[in-house]
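Just so it is clear, none of the values below were taken in a lab; they were calculated from the coordinates. The structure presented is a predicted model; accordingly, all values stated were derived computationally and were not measured. Here the Cβ is made from the backbone with ideal geometry for all residues, glycine too, and neighbour counts use every protein chain on show.
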Amino acid sequence: MLSDPSRIAAAIARAKAQGRGAIVPFVVLGDPDLDTSDGLLRAMVEGGADALELGLAFSDPPADGPVIQAAATRALRAGVRVDDAFALLRRHAERSAVPVSLLVYWNLVLQRGVERFYGECAAAGVDAVLVADLPLEEATAALEAARRHGVAAVLLVTPLTSESRLRAVAAAGSGYLYVAARVGVTGERSGVEAGLAHEIARIRAVSTLPLLCGFGIAGPTEVRAVAEAGADGAIVGSAVARRIEAHLGDPAAMINAVRSFVGELRAASGRPAQGTPSRGGPQC
Amino acid sequence: MQQHGRFGDFGGFYVSELLIPALEALEAAALEALADPAYRAELADLLTHWAGRPTPLWQARRLSAELGCKVLLKREDLLHGGAHKTNHTLGQALLAKRMGKTRLIAETGAGQHGVATAMAGALFGLPTTVFMGEKDVERQQPNVRRMQLFGAEVVPVRSGSRSLKDAINDALRAWTEQVRDAFYVFGTVAGPHPYPTLVRALQKVIGEEIAEQSQEQEGRLPDAVYACVGGGSNAIGAFAAFLERPEVQLFGVEPAGHGLDSGAHGAAIARGRPGVLHGAHSMVLQDPDGQILEAHSISAGLDYPGVGPEHAYLALTGRVQYLSATDDEALAAFTWLCRREGILPALESSHALAALAAGQRAPGGPRHGPDALVVVNLSGRGDKDLEHAWRELAARGWRPGREI
C-alpha cells in the first residue's frame with residue numbers, strides 16, 4: 001500500500017514521533033456564531049491540537065447525539081450557511097498549518113454538486129472529508145471526486161464491521177480510518193468500550209492507515225485509554241461542544257475553556273513508556 | 001447488501017457505517033421470510049383473525065351521487081388499530097421475532113404507526129419504545145394514551161420541528177445505540193433500503209384486495225385509485241397491484257397545508273428537489289444549501305418534508321399523478337364524509353377524498369365520468385383527530401349542525 005501524502009497523516013506521524021497520540025478536537029463550523037467560531041478554531045490550535053475535525057451544520061444529523069445536534073442547531077439559528085463555513089475554513093488555512101478534516105452529511109454535498117464541493121474543499125485547504133451518512137456502497141462519486149481534487153476520503157469502521165467489509169473499507173479509504181470506539185451515535189461516555197485494543201489490532205492487520213478513535217471520548221481519561229489501546233489519536237467532539245454550551249453568551253470564557261480543555265487532552269495523550277507501539281503506522 | 005434498493009435514481013441506503021450490518025441482516029431476513037410459506041401463512045392468519053382482514057370495499061352511494069362517479073371506499077379505517085399501519089407492523093414484528101430481536105423501536109407522526117407497533121409489541125411480548133414529536137404528542141393525545149395502554153414507552157422528541165422528521169432522527173439514533181438487540185419497525189415506505197421495499201411488500205395487500213373486491217362486486221378493475229401521501233405507505237399499498245395495469249389511473253395526494261405557494265405545506269413531490277433525507281435519495285423540501293425544511297400539514301401523519309423514494313420515481317415516470325389538498329379542503333372533506341356516509345375518516349385520508357372531490361367539481365368539468373369506478377383508500381379512522389379537528393373547525397367559524 002502506498003504511503004499517504006496527506007497532511008493529516010503527517011501530523012499524526014509527528015505526534016507519534018513525539019511518543020503520543022494525536023489530539024483532534026471537533027467543533028461545528030459557525031457554532032455558536034461565525035466570529036466566536038473563528039476564535040474557537042484559533043483556541044484549539046493554541047491548545048495544541050494536532051489536527052482539527054470540523055463539521056458543516058446539518059439540520060437532520062441522525063449519526064450525531066444530542067450535544068452535536070444542538071451545536072449544529074445553534075450554527076443554523078445564527079444564520080450560518082455553507083458559504084460561511086468555507087470562508088471560516090479559508091481563514092484557518094491562511095493562518096495555520098494545522099490540517100483539517102471536514103465532517104459532512106451527504107445532502108449538503110449533493111446540493112452543492114459533488115465536483116464543486118470537493119473542489120472548494122481543496123481550495124479551502126481541507127485535507128480530508130468524512131461523509132457521516134455515506135457507506136462504501138454509495139460512496140463511488142465521493143471517492144472519485146476526492147481523488148481528483150487531492151482530498152483524502154476518510155471512512156468509518158466500527159466494532160460491527162465484518163472482516164470482508166473491513167478490508168474493502170480499508171482499501172478505499174485514505175488519510176486515516178475513523179474508528180468508532182463504541183457502537184452508537186456521537187456523545188460522551190465514561191470509559192472506552194472493552195475490547196478496543198483488540199479492535200485496533202483487528203484493523204491494523206488489514207490497513208496501514210493511521211487510526212483515529214472517536215465516539216464517546218469524554219476527556220483526558222478516555223484519550224489515555226485510546227492511546228493505550230494502540231490507536232494513533234482521538235477525536236473529541238461532544239465534550240468540546242458541551243464547553244461551548246456551558247459558556248454561551250460569554251465568548252471570551254468559552255474560548256478560554258476550549259483552549260484549556262484541548263491542552264488537557266494534549267497533556268493526556270502521551271503513551272505509557274512500555275505501551276505497545278502500533279505496527280504499520282504511516283510511513284510519511 | 002444483496003440489493004441496492006433503487007427506484008431509478010431514487011432510494012439507496014445513506015446511513016452511517018454503524019447501521020450497515022443491521023440493514024444487511026434485516027435485508028437477508030426479509031428476503032428469506034417473504035419467500036417462506038410458513039412466515040406468510042402466520043402473517044396471513046394474524047391479519048385475518050387478529051387484525052380483521054380483508055377490509056370492506058364500500059360503495060359510497062351519497063358520495064357517488066354528489067361527485068358524479070362511482071366512489072368506492074377501501075375501508076382500512078376498519079383494520080384493527082384504526083389504520084393500515086397494522087399491515088406492516090405485524091409483518092415487521094414477526095420478522096423481529098424470527099431474527100431473535102428482543103425489543104422494538106418505532107417513530108410515529110399521527111401516532112397510528114406507534115399504536116400499531118405498540119399493539120404488535122404487546123401481542124409478541126416485545127418491549128416497545130416509540131419516538132414521537134412533542135408537537136404530535138400534543139395534537140394526538142388519544143393515540144399517546146393507547147400506546148401507553150399497550151405497554152409502550154412514548155418518548156417525546158423536542159429537537160427540530162418536534163414532529164415526524166425529528167422522531168425518525170431520534171429513532172435512528174436509538175437504533176444505532178441498541179442495534180444488537182433492537183428491531184426498528186419503520187412506519188412508511190421511506191428510509192434506507194430495505195425499508196421501502198419491505199414496507200411495500202407488507203402493504204400491497206391493500207391493492208390486491210381492491211382488485212379482487214372490485215372484480216367481485218363490479219365485475220372489473222377500478223378506473224382510478226386515490227390515496228394520500230406523506231411518506232406514502234398506504235398509497236404504495238393501494239397502488240402496487242395496479243402499477244403494471246396502465247388502464248388504472250393512480251393519484252397520490254400530498255398535503256398542501258396553507259397552499260403550495262405558502263411555504264407551509266408537506267408537498268415534497270410538488271415543491272421539493274431530489275436530495276437525501278433519512279437514508280434515502282428522494283424528493284425533499286430543502287433550502288438551497290440542502291438544509292431540510294420544516295413541513296406543515298393539519299394532519300400529523302402527512303407532516304413530513306420527504307416522501308418514499310418509489311413515489312419520487314413514480315412521479316418522474318408519470319405512472320402516478322400527484323395532486324394536493326390544502327388543510328381547508330381536507331377539513332371540509334372530513335366533515336363531509338361524516339355527514340354523507342356516517343364514516344369518520346382520519347385527516348390524512350381526508351386529503352385523498354378532497355382531491356377527488358376537487359377534480360369532480362373543477363370548472364373545466366369532472367375528471368371522472370359517470371361510469372367511472374373510483375377507489376379512495378380510506379387509510380385510517382379519525383377518532384384520534386377529534387380534538388384537533390374540533391379546534392381547527394372552530395377556528396374557521398364552524399358550529400355543529402353546519403356544513404363547511
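Assorted remarks:
- Shielding value for A:128-138 is 5, the average number of Cβ atoms from other chains within 10 Å of each residue's Cβ.
- Compactness of region B:155-250 was expressed as the Cα radius of gyration divided by 2.2 N^0.38 Å, which yields 1.37.
- Pairs beyond 18 Å (Cα-Cα), from B:97/B:165; B:135/B:165; B:74/B:204; B:74/B:165: B:97/B:165; B:74/B:165
- Long-range HN-HN contacts of residue B:280 with modeled amide H, under 5 Å: B:14, B:191
- Build a GNM of chain B with springs between Cα atoms under 10 Å apart, and of B:326, B:197, B:176 the one that fluctuates most is B:176.
- Amide H within-cut-off set for residue B:372, under 5 Å, with H built and near neighbours excluded: B:70
- Under 20 Å from the Cα of residue B:70 - aspartates and glutamates, other chains or at least 8 residues apart: B:208, B:209, B:212, B:216, B:218, B:223, B:247, B:341, B:371
- Whole-Å distance, taken between Cα centres, linking region B:263-338 and region A:38-90: 30
- Exposure proxy ranking for B:105, B:404, based on other Cβ atoms within 10 angstrom of each Cβ and starting from the fewest, stands as B:404, B:105.
- Seen from residue B:341, the other residues with C-beta closer than 12 Å to its C-beta sum to a net charge of +3, counting Lys and Arg as +1 and Asp and Glu as -1.
- Rounded tilt (10° steps) of B:164-177 against the dominant C-alpha axis of chain B: 20
- Interchain or long-range residues, amide H under 5 Å from residue A:130's placed H: A:102, A:103, A:104, A:154
- Convex hull volume of the Cα atoms of the protein assembly as shown, normalised per residue: 149 Å³.
- Region A:6-262: Rg to Rh, with Rh as the Kirkwood radius over Cα pairs: 0.93
- Taking a ≥ b ≥ c as the square roots of the Cα gyration tensor eigenvalues, region B:251-404 comes out oblate, since a/c reaches at least 1.5 and a/b does not exceed b/c.
- Least to most buried among B:10, B:150, B:334 (fewest other Cβ within 10 Å first): B:150, B:10, B:334
- Note, ³J(HN,Hα) from phi for region A:6-16, Karplus 6.51, -1.76, 1.60, rounded to Hz, x at Gly and Pro: 5, 5, 5, 4, 5, 5, 5, 5, 4, 4, 4
- Environment charge of residue B:265, counting only residues whose C-beta is closer than 11 Å and scoring Lys/Arg +1, Asp/Glu -1: -4
- Chain B - convex hull of the alpha-carbon atoms, volume per residue in Å³: 132
- Whole-number percent relative contact order across region A:1-124, with pairs defined as alpha carbons under 8 Å at least 6 apart: 29
- Here the protein assembly as shown is assigned +1 on the Cβ of each Lys and Arg and -1 on the Cβ of each Asp and Glu. Its dipole about the Cα centre then comes out at about 560 debye.
- When you restrict to C-alpha pairs under 8 Å that are six or more residues apart and normalise by the size of chain B, the relative contact order lands at 19 percent.
- Net dipole in debye of region B:1-144 [+1 Lys, Arg Cβ; -1 Asp, Glu Cβ; about Cα centre; nearest 20]: 580
- Against the main long axis of the alpha-carbon atoms of chain B, helix B:347-360 sits at an angle near 40°.
- Considering region B:19-74 at the alpha-carbon level, its Rg and Dmax are found to be 19.3, 54 Å.
- Number of partner chain Cβ atoms within 10 Å, mean per residue of B:284-290: 6
- Listed from fewest to most Cβ neighbours within 10 Å, the set B:69, B:228 follows the order B:69, B:228.
- Averaged over the residues of peptide A:72-79, the number of Cβ atoms from other protein chains lying within 10 Å of each residue's Cβ is 1.
- Local electrostatic count, residue B:196, Cβ distance below 13 Å [Lys/Arg +1, Asp/Glu -1]: +1
- Square roots of five times the Cα gyration tensor eigenvalues for region B:212-272, Å: 29, 10, 10
- Global geometry of region B:247-328, whether rounded, prolate or oblate, following the gyration tensor of its Cα atoms and the 1.5 cut on a/c: oblate
- Per-peptide average of other Cβ atoms within 10 Å, ordering B:111-119, A:107-115, B:267-275 highest first: B:111-119, B:267-275, A:107-115
- Bins of 5 Å from zero: percent of alpha-carbon pairs in region B:23-150: 2, 10, 17, 18, 17, 13, 10, 6, 4, 2, 0
- Beta bridges assigned by DSSP with both partners in region B:169-325 are antiparallel in approximately 35 percent of cases.
- Cα Rg over Rh - region A:127-197, Kirkwood: 1.00
- Principal-axis tilt of helix B:205-218 within chain B, Cα atoms, nearest 10 degrees: 30
- Evaluated with a Cβ-only charge set (Lys, Arg +1; Asp, Glu -1), region A:6-262 carries a dipole of roughly 540 debye about its Cα centre, given to the nearest 20.
- The modelled label-to-label distance between residue A:147 and residue B:158, using points 7 Å beyond Cα along the C-beta direction, is 4.8 nm.
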